[in-house]
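The structure appears below as structure tokens.
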Amino acid sequence: MASDLVDFEAFYKRWYFRAIRFAMEYIRDESEAENIVQEVFVNIFEKRKSLSKDLNLTYYLFSAVKNRCINYLTNRLRKKSIKLSGDESVFLDRLSLAALEEFDVNSTVRDNFEPRFNQALDTLPPRCRQIFVMSKIDGKKQDAIAEELGISINTVESQMKIAYAKLREELKDFFNKY
């Protein structure tokens with residue numbers, strides 16, 4: 001039982017902020033994106049004992065987030081249909097809904113972005129990598145990172161700029177596919 005909780009906690013820490021960013025791309029409402037992702041994680045936690053050991057949990061997570069975003073956008077569009085159809089937010093919601101319906105989570109997982117990303121992370125200088133991971137993967141704020149590492153916020157910011165530039169360069173071929 002304790003091992004299940006540790007595994008779930010590690011999965012949660014690894015994917016929570018990424019799932020929120022994914023949802024935010026489509027619904028453009030941070031609190032709703034957080035609600036959707038939290039509901040999905042609660043659902044996964046409650047079902048964890050009944051889920052197949054062979055299940056690709058990352059695929060399951062993003063598929064569930066995608067489907068809940070579709071439901072959210074569909075409901076939001078229904079509510080907005082009473083208003084003017086020329087409303088820009090209605091157009092953006094329709095565009096987001098169409099994009100989500102076409103988005104294939106499976107192909108994204110199949111493309112093995114994670115190994116490429118980890119390989120690119122390994123090209124960063126150790127301190128730069130540590131700061132990037134603390135910020136973007138662990139979700140820590142820059143002031144907390146600076147305090148924890150005993151460095152200035154400016155150092156954190158400059159290391160993040162270096163990380164972004166290097167990762168952008170290392171992953172340019174991957175992103176040019178899309």
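The values are calculated or read from the model by the stated rules, or taken from the named source; none is laboratory data. What you see is a predicted model, and the numbers here were worked out from it, not measured in a lab. Every residue, glycine as well, gets a Cβ built from its backbone with ideal geometry; the counts of neighbours run over all protein chains shown.
Side notes on the structure shown:
- Selected residue (criterion: farthest from the chain's Cα centre (by Cα)) from residues of the stretch 124-169 that are closer than 18 Å to Tyr16 by Cβ, free of Cβ contacts under 8 Å to residues at least 60 places away in the same chain and part of a loop (DSSP other than H, G, I, E, B): Lys141
- Leu95 being loosely packed, with under 11 Cβ neighbours inside 10 Å, at pLDDT below 75 and either part of a helix (DSSP H, G or I) or in the same structural domain as Arg18 (by TED's automatic domain parsing) (or both): no
- Among (1) of a type outside the set (S, T, N, Q); (2) part of a helix (DSSP H, G or I); (3) out of contact with any Phe, Trp or Tyr (no Cβ under 9 Å at 6 or more places or on another chain), the one test that Leu61 misses: (3)
- Selected residue (only one of Val156, Val133 is touching a helix residue (DSSP H, G or I) at 6+ places or on another chain (Cβ under 6 Å) and either among the β-branched types (Val, Ile, Thr) or at pLDDT below 90 (or both)): Val156
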